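Please read the structure below before turning to the comments.
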Amino acid sequence: MGTKTGTKIDQILEAAKQHCDDVIKPNVDDWNAAGKWPRAASAMAAAQGLLGLYAPEEWGGQGLPLGEGIRVYEELGKGDGAYAFALSMHNICTYATCGFGTEAFKEKWARDLTSGRKLANFALTEPQSGSDAMNMYTRAKINGDGTWTINGAKAWVSLAGEADVYLTVVKTSDTPGHGDMAMIAIPKDAEGVSFGPMYDTASYEFLPLAEMYFKDVVVSEDNIILPIGQGLQGSLMAIDIARVSIASGCCGLIESALDIALAYSSRRKMFGGKNLDLEGIQWMLGDVATDLEVSRLLYRKAANALGTPDGPLMAAHAKRFVPDAAMRAANTCTQVLGGSGLLKEYGLDRLSRLSQMLRIVDGTTEISRVVIGRALQKRAAQLPELRIPKGYGED
Ligand SMILES: Cc1cc2nc3c(=O)[nH]c(=O)nc-3n(C[C@H](O)[C@H](O)[C@H](O)COP(=O)(O)OP(=O)(O)OC[C@H]3O[C@@H](n4cnc5c(N)ncnc54)[C@H](O)[C@@H]3O)c2cc1C
């Protein structure tokens, strides 16, 4: 017997599956060829309830807990990891809008975001500060009338020019550190906002990515999402949700790669039998299947930990392990098809390149290792003393 939310998540997962089968899979190659965000598709996703996953029902959202809603990306990721990623960022921004935005901002934007009439994204990265986020520069000056004037540049902004509003992390002084950081929503059409040329990337050409520039952009204080002092901390919470969402999408990608390989290998004739009769091939695909099971357990555990003290570490474990598993899966499955694995028709090359992208975005694999390493140091400091040989430590 499902609970009330259990019933809702089942319906939403079914809607995500349908969206993947009917909208993403048949069209993703055309989207890539056109090199343009499929706005009609994201509008259909919205109509199916996929663009307000965690937003309260009063604002038109589904009101799902993070631990449940994040499973949607596993379904969408079976169709395309970059599309799943972009929708996950929109959902996180919509969640932040409803949870932290001012009443005036919510009145103006929340229903448009949950209904997909408007799209949102997040802008933290700058040309000089990717992993080293503390080195960001974009400045907000607070004016006498309460408005903020913003100057600076962001880099690698997804949905660049396509999203209608960008939750942007800014510094409010020259003081080093994050004590002066805040997050403010900047509409695309605000005077002084512009975008650089689109980055030329392979395999997710439909996802517009570019630098975003702010020249004396004046924004109302109604648009403050996170006040001064909470900008970095709030962004890191958003990034934790994004990391687990990416791991969820990667599980979809692994399952797709595995199914392509199985469908081919079970039909490919060789040595008087089928490719899948070879024990070596079964072992290769068996490892992919094990990685899929482990990845699923890991991201779902991490999703349930979000918002608890274990959230950041669990998100790092998921982001460290699952995109790597996805890349291994895409490469192994390509190998299983032999030369055919390289044919565009099977899409495995696209999955390899997508999984590499997912190893980078929202904190690289190495940054996850940094988070895990710091947690291990803390744990070590709490362990009882262990005798180590004389001369090996402090005597
Ligand atoms: C497709 C895509 C979409 C994106 N969308 C957005 C977006 O919408 N909004 C946004 O704000 N950002 C976005 N990003 C930016 C993304 O979050 C950054 O690319 C990422 O954080 C890495 O920063 P960087 O590219 O500057 O790499 P760098 O920080 O320059 O890192 C270079 C290399 O150094 C490694 N490294 C860094 N620190 C350490 C360390 N301590 N130890 C060992 N190795 C280390 C990294 O892992 C990496 O391998 C997007 C990126 C991509 C690829």
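Values in this text are rule-based calculations from the coordinates and carry no lab data. Everything quoted here is computed from the prediction, not taken from an experiment. When we count neighbours, we look across all protein chains shown, and the Cβ atoms used for this are built from the backbone with ideal geometry, even at glycine.
Values as computed for the structure displayed
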read-out: Cα centroid separation - region 262-335 against region 1-66, whole Å; value: 24 Å
read-out: The chain: antiparallel DSSP beta bridges as a percent of all, rounded to 5; value: 85 percent
read-out: Partner lysines for residue 390 [C-alpha distance under 27 Å; skip if fewer than 8 residues away on the same chain]; value: 378
read-out: Pairs beyond 22 Å (Cα-Cα), from 8/301; 141/215; 25/154; 118/188; 141/188; 171/301; value: 25/154; 171/301
read-out: Student exercise, region 233-295 dipole from Lys, Arg, Asp, Glu Cβ charges, in Debye to nearest 20; value: 320 debye
read-out: Cα pair distances exceeding 36 angstrom across the chain, given as percent; value: 27 percent
read-out: Peptides ranked, highest mean first, by Cβ atoms within 10 Å: ranges 359-366, 279-286; value: 359-366, 279-286
read-out: Given charges at beta-carbon only (K, R positive; D, E negative), |dipole| of region 233-382 in Debye; value: 220 debye
read-out: C-alpha long axis of helix 4-19 to longest principal axis of the chain, angle in °; value: 70 degrees
read-out: Distribution of pairwise C-alpha distances over region 121-229, 5 Å bins, in %; value: 2, 13, 24, 25, 18, 10, 5, 2, 0, 0
read-out: Candidate aspartates and glutamates for bridging to residue 319, where Cα separation is under 13 Å - those fewer than 8 sequence places away on the same chain excluded; value: 240, 362, 366
read-out: Angle in degrees between helix 103-114 and the longest Cα principal axis of the chain, rounded to the nearest 10; value: 20 degrees
read-out: Rounded Å value of the spacing that divides the Cα centres of region 212-240 and region 133-185; value: 6 Å
read-out: Prolate/oblate/rounded call for region 233-382, Cα gyration tensor, a/c under 1.5 rounded; value: prolate
read-out: Highest-first arrangement of 330-339, 248-257, 173-182, where packing means the average Cβ count within 10 Å; value: 248-257, 330-339, 173-182
read-out: Gain in span if fully extended, residue 385 to residue 129, counting 0.36 nm per residue against the direct Cα distance; value: 88.2 nm
read-out: Percent RCO, i.e. relative contact order, over region 233-382, from Cα pairs under 8 Å lying at least 6 residues apart; value: 30 percent
read-out: For the chain: relative contact order, % (alpha-carbon pairs under 8 angstrom, 6 or more apart); value: 15 percent
read-out: Length-normalised contact order for region 121-229 - Cα pairs under 8 Å, 6+ apart - percent; value: 31 percent
read-out: Nearest-ten-degree value, helix 311-336 long axis tilted from longest Cα axis of the chain; value: 40 degrees
read-out: Environment charge at residue 267 (Cβ cut-off 12 Å; Lys +1, Arg +1, Asp -1, Glu -1); value: +2
read-out: Cα gyration tensor, region 4-118 - rounded (a/c under 1.5), prolate or oblate; value: oblate
read-out: 222 nm mean residue ellipticity, helices alone, for the chain (DSSP H n ≥ 4; -39,500 (n - 2.57); rounded to 500); value: -16500 deg cm²/dmol
